[in-house]
Amino acid sequence: MDNCENHNHQELSRKALLGGMAAVLTGIGLTTLGTTAAEAATKYKVALATKIPVGSAKTFSVKGRPVLITQPRKGVFRAFKGQCTHETVSLQSQAINGGNVMCYQHGATFNADNGSVQSGPASRSLTKYKAVKTGNYIYVTI
């Protein structure tokens with residue numbers, strides 16, 4: 001008989017895992033790490049969807065972090081860390097040009113739908129965040 005049949009297994013979600021880690025870290029006095037772990041599992045209300053027109057990218061500050069939200073196609077919202085991966089220069093609000101957003105510092109371009117590098121000098125894709133439209137607002141999980 002397989003021992004697994006005698007146990008009730010449940011998968012642990014990322015949010016539950018990070019929330020548990022936050023509680024443990026806070027409980028042992030590592031409040032900064034506990035707060036960071038808790039924030040990593042949090043969904044933030046960022047902006048009205050109407051603030052991000054189709055074919056545009058807008059930069060917002062979320063808990064002091066730059067977040068770039070794009071709407072490459074009607075009703076499709078994507079979120080990325082709002083910094084170029086070349087030299088961490090802030091990506092500015094802009095029109096999406098040819099499906100891409102551009103870093104104005106050195107001209108690197110990134111796909112507005114998936115964050116992949118389209119032209120250098122950047123060599124790494126943008127960090128992706130989860131973006132969801134609920135009602136009239138865009139929520140981002142960092």
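Which of (1) without any contact (Cβ under 8 Å) to a residue 40 or more places away in the chain; (2) in a strand (DSSP E or B); (3) aromatic (Phe, Trp, Tyr) does TYR104 not meet, given it meets every other one?
(2)
Go through the residues of the range 24-35 one by one and say whether even a single one is within 14 Å of the chain's Cα centre (by Cα) and either at pLDDT below 90 or not in a strand (DSSP E or B) (or both).
no
What residue, of LYS74, LYS81, is at pLDDT 95 or above and surrounded by 15 or more Cβ atoms within 10 Å (Cβ to Cβ)?
Checking each option against the conditions leaves just LYS81.
Of everything in the range 123-142, what is surrounded by fewer than 20 Cβ atoms within 10 Å (Cβ to Cβ) and not in a strand (DSSP E or B)? Give them in sequence order.
Across the range 123-142, the qualifying residues are SER123, ARG124, SER125, THR127, GLY135, ASN136, ILE142.
Give the residue that is surrounded by the fewest Cβ atoms within 10 Å (Cβ to Cβ), with candidates limited to residues of the range 84-101 that are part of a strand (DSSP E or B) and under 19 Å from the mean Cα position of the chain (by Cα). Outline the logic, then answer.
Of the range 84-101, the ones part of a strand (DSSP E or B) are 90, 94-95, 97, 100-101.
Cutting the leftovers down to under 19 Å from the mean Cα position of the chain (by Cα) gives us 90, 94, 100-101.
Working: SER90: 13, GLN94: 18, ASN100: 20, VAL101: 28.
In this case the residue turns out to be SER90.
Select from the range 109-120 the residues that are outside any strand (DSSP E or B) and modelled with pLDDT of 95 or more and write down the one among them that is farthest from ALA49 (Cα to Cα).
SER116
Return only the number of the condition from (1) of a type outside the set (Phe, Trp, Tyr); (2) under 19 Å from PHE110 (Cα atoms); (3) at pLDDT 95 or above that LEU91 does not satisfy.
(3)
The values are calculated or read from the model by the stated rules, or taken from the named source; none is laboratory data. Computed from a predicted model, the values in this text were never measured in an experiment. Backbone-built Cβ (ideal geometry, glycine too); neighbour counts: all protein chains shown.
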